[in-house]
Amino acid sequence: MQELPPYSYHYIIPHNQQRIKAYGVVLVNTHNRPGAVSEAENFEQALETLGYIVFKMEWTDVAELQSMIESALMRVIDDCSMLFVAVMTHGHRGALAGSDDLE
């Protein structure tokens, strides 16, 4: 058995596409981020234009972020073929900052 490469220019398109859906999850933190709501709405509209079913949620602290992602996954797990997750916030060196500025 051969291992798949980490990237590919080929797409696998299932023959039976009845239960195939693309989902987007837009998670936005608005604390100290003027225009964040508008930016998230633009992101949501762009994904919907591409045919995604989008869930947009506002989060405040990093502790609730994992719970929100798990909740979204539970809603889509049965028929999801593509999942796009966007976490919109400030941060530092790859760590996310919530409203309490904790990472």
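Accessible surface of Val85 in the full protein assembly, 1.4 angstrom probe, to the nearest 10 Å²?
Rounded to the nearest 10, that gives 70 Å².
Heavy-atom accessible area of Arg75 with all protein chains present, probe 1.4 Å, nearest 10 Å²?
Looks like 150 Å² after rounding.
How do Met88, Met57 rank by accessible surface area computed with a 1.4 Å probe, from largest to smallest? Please report the intermediate quantities before stating the final value.
Working: Met88 15, Met57 40 Å².
Accessible-area ranking of Met88, Met57, largest first: Met57, Met88.
Excluding ligands and nucleic acids, what accessible area in Å² is computed for Asp78 using a 1.4 Å probe, to the nearest 10?
Accessible surface of Asp78 is approximately 120 Å².
Can you list residues whose amide H is under 5 Å from Ile53's amide H, if they're 5+ apart or on another chain and H is modeled 1.01 Å from N?
Amide H neighbours of Ile53, under 5 Å, 5+ apart: Ala22, Tyr23, Gly24.
If I stretch the segment between Met68 and Glu39 completely, what's the gain in nm (0.36 nm per residue apart, minus their alpha carbon distance), one decimal? Each step should come with its number before you reach the end.
On the way: separation 29, 0.36 × 29 = 10.44 nm, distance 1.95 nm.
That pair, Met68 and Glu39, stretches by 8.5 nm at full extension.
The values are calculated or read from the model by the stated rules, or taken from the named source; none is laboratory data. Values in this document were obtained by computation on a predicted structure and should not be read as measured data. Accessible surface is based on the protein model in full, side chains and every heavy atom, while ligands, DNA and RNA are left aside. Shrake-Rupley method; radii C 1.70, N 1.55, O 1.52, S 1.80 Å.
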